[in-house]
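Q: I'd like to ask you about the structure that follows.
The values are calculated or read from the model by the stated rules, or taken from the named source; none is laboratory data. Please read these numbers as outputs of a predicted model, since none were measured by experiment. Reconstructed Cβ throughout: ideal geometry from the backbone, glycine too, with neighbour counts over all protein chains shown. Please note that ligands, DNA and RNA were not included when accessible areas were found on the heavy atoms of the full protein model with its side chains. Shrake-Rupley method; radii C 1.70, N 1.55, O 1.52, S 1.80 Å.
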Amino acid sequence: MKRLDKLTVITMTLLFLGVALPAGDAVGQTAKDLVGTWTWVSVDNVRPDGTKVQLYGPNPNGVLMFASNGRFFFLQTRPGRPAFASNNRNEGTPEENKATVQGTLAYYGTYSVSGKTLIFKVEAATYPNAEGSEQKRSITLTGDQLKYTNPTPTVGGTAEAVLKRVK
């Protein structure tokens, strides 16, 4: 009887650990694992020739927020964008407007996770062409670091981003 009890305890322990402690690359594969606020560490565009361009500079600003109800908000900004001389956003010069458009991206909508794929359904965006789109990102979550790859950014190439969780 003691042997059966020990065997049962060992089996139950192994089953529990197998469920409670998923494999490293399985972590972050559910939407609930992403809930919270994330800040950008890096945002790189990888060109077809392999060169990397930091579209938002070496220290990108902004947040990516995931709510528990399946909604998200995404904001990227390049530090050092020029202020509008007129101090009126409706009276920017062509150069000021261009720097703002090229140095800022924001959108919101709903999100889901399927396997290792994050899916954004964009409702509204500063880039109008993204509105109504479904965008997929390959993701890896390790602790408080989220990495994702966008295989089809609008600027061409491939986008690679690293974010850290805000505590």
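Q: Give, as a single signed number, the net charge of other residues whose beta carbon lies under 12 Å from the beta carbon of Tyr148, with Lys and Arg counted +1 and Asp and Glu -1. Mind showing how you got there, number by number?
A: Values: positive: Lys116, Lys136, Arg137, Lys147; negative: Asp44, Glu160.
Summing Lys/Arg as +1 and Asp/Glu as -1 gives +2.
Q: State the extension gain, in nm to one decimal, for the chain segment bounded by Ser42 and Ser86, taking 0.36 nm per residue of separation less the distance between their alpha-carbons. Walk me through the intermediate numbers first.
A: Numbers: separation 44, 0.36 × 44 = 15.84 nm, distance 3.15 nm.
Full extension from Ser42 to Ser86 adds 12.7 nm.
Q: Also, quick follow-up: Roughly how many Å² is the accessible area per residue of the range 62-115, as a whole number, for a 1.4 Å probe?
A: Numbers: 3230 Å² over 54 residues.
Per-residue value: 60 Å².
Q: Sorted by accessible area (1.4 Å probe), largest first, how do Asp44, Asp49 line up? Each step should come with its number before you reach the end.
A: Working: Asp44 25, Asp49 120 Å².
If we order Asp44, Asp49 from most to least accessible, we get Asp49, Asp44.
Q: Can you give the charge dipole size of the range 26-93 about its Cα centre, rounded to the nearest 20 debye, using +1 on the beta carbon of Lys and Arg and -1 on the beta carbon of Asp and Glu? Please report the intermediate quantities before stating the final value.
A: Numbers: 7 positive and 4 negative charges, 17 e Å.
The dipole of the range 26-93 has a size of about 80 debye.
Q: Another question, if that's okay. Report, to the nearest whole %, how much of the accessible area of the range 61-136 belongs to carbon and sulfur atoms, 1.4 Å probe, protein only.
A: On the way: 2280 of 4540 Å².
After summing per-atom areas, the C and S share lands at 50 percent.
Q: To continue, here is another question. If packing is taken as the mean number of other Cβ atoms within 10 Å per residue, what is the order of 91-101, 63-73, highest first? Please list the in-between numbers first.
A: Numbers: 91-101: 13.3, 63-73: 15.7.
Highest mean packing first, the order is 63-73, 91-101.
Q: Give me Rg over Rh for the range 72-167, both radii from the alpha carbons and Rh done the Kirkwood way, two decimal places. Mind showing how you got there, number by number?
A: On the way: Rg = 15.5 Å, Rh = 15.1 Å.
Computed over Cα atoms, the ratio is 1.02.
Q: Rank by packing, highest mean first: peptides 107-113, 154-160, with packing defined as the count of other Cβ atoms within 10 Å averaged across residues. Don't jump to the answer; show the numbers that get you there.
A: Numbers: 107-113: 18.3, 154-160: 14.4.
Listed from highest to lowest mean packing, they are 107-113, 154-160.
Q: Count the net charge of all other residues whose Cβ sits under 13 Å from the Cβ of Gln102, scoring Lys and Arg as +1 and Asp and Glu as -1. Walk me through the numbers before you get to the answer.
A: Values: positive: Arg78, Arg81, Lys98; negative: Glu95, Glu96.
Result for the local shell: +1.
Q: To continue, here is another question. Per-residue HN-Hα couplings for the range 89-103, Karplus 6.51 cos²θ - 1.76 cosθ + 1.60 at θ = phi - 60°, whole Hz, x for Gly and Pro?
A: So the Karplus estimates, Gly and Pro as x, are 5, 8, 10, x, 6, x, 5, 5, 5, 5, 4, 5, 5, 6, x Hz.
Q: So for the range 66-140, taking the charge dipole from beta-carbon charges (+1 Lys/Arg, -1 Asp/Glu), which of Val113, Asn88, Gly70 sits furthest toward the positive end?
A: Val113
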